[in-house]
1. Which of the chymotrypsin sites (Phe, Trp or Tyr not before Pro) found in the range 161-200 are loop residues per DSSP with 11 or fewer other Cβ atoms within 10 Å of their Cβ?
2. Report, by chain and number, residues whose modeled amide H sits under 5 Å from the one on G92, excluding near sequence neighbours (fewer than 5 apart, same chain).
3. GluC sites (Glu not before Pro) within the range 1-94: which are DSSP loop residues with at most 14 other Cβ atoms inside 10 Å?
4. Quick one: 3J(HN,Hα) in Hz for the range 78-92, Karplus 6.51/-1.76/1.60 with θ = phi - 60°, rounded, Gly and Pro as x.
5. Spelling out what I want: for every residue of the range 167-180, take phi, set θ = phi - 60°, compute 6.51 cos²θ - 1.76 cosθ + 1.60 (Karplus), and round to whole Hz; glycine and proline get x.
6. Could you work out which residue, out of D80, D145, D167, moves most in a Gaussian network model of the chain, that is, has the largest mean-square fluctuation with Cα springs under 10 Å?
7. Subtract the Cα-Cα distance of N63 and D168 from 0.36 nm times their separation in residues, and report this length gain in nm to one decimal.
8. Below 8 Å between Cα atoms, with a sequence gap of 6+, how large is the relative contact order for the chain in percent?
Amino acid sequence: MTRYGMCIDLNTCIGCNACTMACKAEHATPSGIFWAKVLEKEVGKFPAARRIFLPVLCNHCENPICKEVCPTGATYKREDGIVLIDYDLCIGCRSCMEACPYGPRAFYESNGAYYPQGQTPYEKAKQDFPEGIVMKCNFCVDRVDQGLQPACVQTCPTECRVFGDLDDPESKVSRLVAEKKARPLLAEKGLEPSVFYIGG
C-alpha cells in the first residue's frame, strides 16, 4: 500500500525559501499563514560561524496525535498516509495545534487578504477557507492525485526535497531514508512522522 512521505537533505538546503513561496503560490494561503517554512539559526563563533536551515511542514504522521484529539473528526488520514483537515467539520478549537509537537498548523481567524482593498483576483480564485478554522500543509494532495510532485518539491532549486512512496523500497525517497540514515524530528514522541531529514 502507498504511504507518501518526504526526505529533506539539510546538507543541500540553502535557506532560499523557494519552498515557502511555492506553497503560498500554490494554495494562496492567507496573509501571515505559512504551511511550509524554513527555520534559521546561527551556530559557531567567528570566524567559523554559519547559518543552518531547517525546512518544516506537517509531518503527516502514521500515528497523528492531531487526529486523536480532534473532537469533530475534522482531522483525518487517507489510506496513503496524507493527513488532511475537513474545513466543514473544523470548529477552530485548536486542540490539534496544542497537541502537535511540530507546530505546523495555523489558525485562520479572518480577513487574510494581502491588501487593504481586499482580495486580489488570484486570492478570490484560490482561497476557499472559511473563517475560524485551522489549516496546514496537505502535501499538495490535489497535485499528488494528478501524479505531480508537491509544489515545494518541484520548486526547490537544490533538489534537497524528495517525495514519494515510503512503502516502496525501490522508490527514491525510501532509498534515501535507508542509505543516508535519514531521521524524523522528535522520533521519541512515537507519532512516526513521514518527513525525514538527512544531516543536521
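1. Values: sites: F163, F196, Y197; in loops: none.
Counting only loop positions with at most 11 other Cβ atoms within 10 Å, none of the chymotrypsin sites (Phe, Trp or Tyr not before Pro) in the range 161-200 qualifies.
2. Those qualifying (amide H under 5 Å, at least 5 residues apart or on another chain) are V134.
3. Qualifying residues, ordered by number: E79.
4. 3J(HN,Hα) across the range 78-92, in whole Hz: 6, 4, 8, x, 6, 9, 10, 10, 8, 5, 6, 9, 5, 9, x.
5. Those phi angles translate into 7, 9, x, 8, 5, 4, 5, 5, 5, 5, 4, 6, 6, 9 Hz.
6. D145
7. Between N63 and D168, full extension yields an extra 35.9 nm.
8. Values: 376 pairs, mean separation 66.1, N = 200.
It rounds to 33 percent for the chain.
Read-outs throughout are calculated quantities, based only on the coordinates presented, and are distinct from any laboratory measurement. Bear in mind that the values here come from a model prediction, so they are computed numbers and not experimental data. Glycine gets a Cβ as well: all are built from the backbone with ideal geometry, and neighbour counts include every protein chain shown.
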